[in-house]
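Below is one structure, written out as structure tokens, with a few remarks after it.
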Ligand code: GAP
């Protein structure tokens, strides 16, 4: 268990502009979250680090960015249409719906009534949406009432059911759509990789083993979204499908364990908070022969951060069967053709952010005063340096500080101008968002030896440094 509470992280995220509740202004939308300026910066630093580590810095990896909406056959072949379900129960008293495997079903957690749940039903978590101009609508009149007739036809066009909609109040219109023209919002980015495997082999002809990587949004209609961004309905994944010869799977799996561990270190996650769970047969996803969940001691307890799965040839074989296209790989040395097997490291961006924030959150006491700061690795900090004039109403200080700000921004990019409140408040704010250095222009800069103060976030120590030496003094920002 982490020593930081979830409330502390959520409140810091909102107060300082990392993450807000989605649609908050209209009362929110459960399981959706909006990233503010610092949240976007942190998220990009994490996703860029992942891309650099696993794609740019390697010779065996190629990237894709597939469409979120895909032909529904993709999700039939992958098994998601039939098996991507969670058991749901409904309380007959308050109509609350819950994941049956996450609650004690003898008593409703909302209304407290006993014996109100029936048998669990399997609920498919994919979001469905109509695709293309397939709507038939019942127009509303000027009182916003609709009337009309709805016919349900079989494949031969015979009417098998008919509904009359009479004076029903609706927002705009009632819409009906043809089920053949629906798409699912992807519940994992993985399928956009599998469906492009053949394209990539045809264009690049990489040697096996090779991987295809993708980052992007995924959507799951979670029955109970909860615990901040940990279980959301819209989130991001960073996934790799690593294509191997079937005989290589164990060796490759072990190598991925090592590579993942190294990446988690780069995220600044302490070893003692990361745990590997060998997932037992009964709990593994339908496609996996072996899975290790990398768990983390989150503020909500020990939970899954990411998964590493041996997906065998499950996906490529299903695609081969359903599409009729050959998925075999022909080695360049003339060896026998084979359908590659796959090792899949699957990272969730939101869980990485939550782990990074809770690992970085630190409290200490400076001169008898409690202080909270984010001890982020420099390469993840949303702001690298904050520059301030000691007083915002002294033009000479402001002019000099602006000059230094422009110089540092050119060098480090993520440099913030901060002249809000007094200097103590600025330091507290910058500590809380994890800024490694604060540079302040004061009267000594103008009237003394020309130096500015450079304050270190972790130690709070301040050093007097000539503006021309700041880059050198803070050079660890570039090397880490
Ligand atoms: N392609 C394999 C796959 O999607 P998964 O274990 O279902 O496997 C992978 O998901 C990762 O995606 C998880 O380890 C987690 O980090 C993240 N994830 C899954 N569901 C999530 C949700 N509802 N909210 C936030 N992250 C989620």
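Here is a yes/no grid of residues against (1) under 16 Å from residue 18 (Cβ atoms); (2) more than 16 Å from the ligand (Cβ to nearest atom):
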| position | (1), (2) |
| --- | --- |
| 332 | no, yes |
| 337 | no, yes |
| 344 | no, no |
| 350 | yes, no |
| 435 | yes, yes |
So residue 328 passes all but one of these: (1) more than 10 Å from the ligand (Cβ to nearest atom); (2) over 30 Å from residue 415 (Cα atoms); (3) surrounded by 19 or more Cβ atoms within 10 Å (Cβ to Cβ). Which condition number does it fail? (3)
So residue 191, is it in a strand (DSSP E or B), touching a residue at least 24 places away in the same chain (Cβ under 8 Å) and within 14 Å of the ligand (Cβ to nearest atom): no
Would you please name the residue that is nearest to residue 358 (Cα to Cα), looking only at residues in region 258-270 that are within 15 Å of the ligand (Cβ to nearest atom) and part of a helix (DSSP H, G or I)? 264
Unique match (being more than 30 Å from residue 343 (Cβ to Cβ) and at pLDDT 70 or above) among 141, 104: 104
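Of everything in region 418-452, what is more than 25 Å from residue 12 (Cβ to Cβ) and assigned to a loop (DSSP other than H, G, I, E, B)? Give them in sequence order.
Once the filter is applied, which keeps residues that are more than 25 Å from residue 12 (Cβ to Cβ) and assigned to a loop (DSSP other than H, G, I, E, B), region 418-452 yields 442, 448, 449, 450, 451.
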Condition set touching a residue at least 12 places away in the same chain (Cβ under 8 Å) and in a loop (DSSP other than H, G, I, E, B), scope region 385-417, selection nearest to the chain's Cα centre (by Cα): answer is 414
Is it the case that residue 271 is surrounded by fewer than 14 Cβ atoms within 10 Å (Cβ to Cβ), closer than 26 Å to residue 197 by Cβ and out of contact with any helix residue (DSSP H, G or I) (no Cβ under 6 Å at 6 or more places or on another chain)? no
Here are the criteria: (1) within 16 Å of the ligand (Cβ to nearest atom); (2) out of contact with any helix residue (DSSP H, G or I) (no Cβ under 6 Å at 6 or more places or on another chain). Tell me which single one residue 238 does not satisfy. (2)
Tell me whether region 439-454 contains one or more residues that are at pLDDT below 95, out of contact with any strand residue (DSSP E or B) (no Cβ under 6 Å at 6 or more places or on another chain) and within 16 Å of residue 386 (Cβ to Cβ). no
Would you say residue 229 is within 16 Å of the ligand (Cβ to nearest atom) and outside any helix (DSSP H, G or I)? yes
Odd one out for residue 64, checked against (1) loosely packed, with under 14 Cβ neighbours inside 10 Å; (2) touching a strand residue (DSSP E or B) at 6+ places or on another chain (Cβ under 7 Å): (1)
Regarding region 312-324, can at least one residue be identified that is touching a strand residue (DSSP E or B) at 6+ places or on another chain (Cβ under 7 Å), in contact (Cβ under 8 Å) with a residue 40 or more places away in the chain, surrounded by fewer than 23 Cβ atoms within 10 Å (Cβ to Cβ) and closer than 30 Å to residue 11 by Cα? no
Check on residue 372, assigned to a loop (DSSP other than H, G, I, E, B) and either over 26 Å from the mean Cα position of the chain (by Cα) or more than 16 Å from the ligand (Cβ to nearest atom) (or both): no
Is region 205-222 home to any residue that is more than 16 Å from the ligand (Cβ to nearest atom), at pLDDT below 95 and farther than 24 Å from residue 354 by Cα? no
Select from region 299-310 the residues that are more than 11 Å from the ligand (Cβ to nearest atom) and either part of a strand (DSSP E or B) or buried (at least 20 other Cβ atoms within 10 Å of the Cβ) (or both) and list them in ascending order. 299, 301, 302, 310
Filter region 456-480 down to residues that are in a loop (DSSP other than H, G, I, E, B), modelled with pLDDT under 95 and surrounded by 12 or more Cβ atoms within 10 Å (Cβ to Cβ), then give me how many there are. 2
Some residue of region 277-294 being within 13 Å of the ligand (Cβ to nearest atom), surrounded by fewer than 15 Cβ atoms within 10 Å (Cβ to Cβ) and either part of a helix (DSSP H, G or I) or without any contact (Cβ under 8 Å) to a residue 60 or more places away in the chain (or both): yes
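The values are calculated or read from the model by the stated rules, or taken from the named source; none is laboratory data. Predicted model only: the values in this text are computed from it and were never measured. Cβ atoms come from the backbone with ideal geometry, glycine included; neighbour counts cover every protein chain shown.
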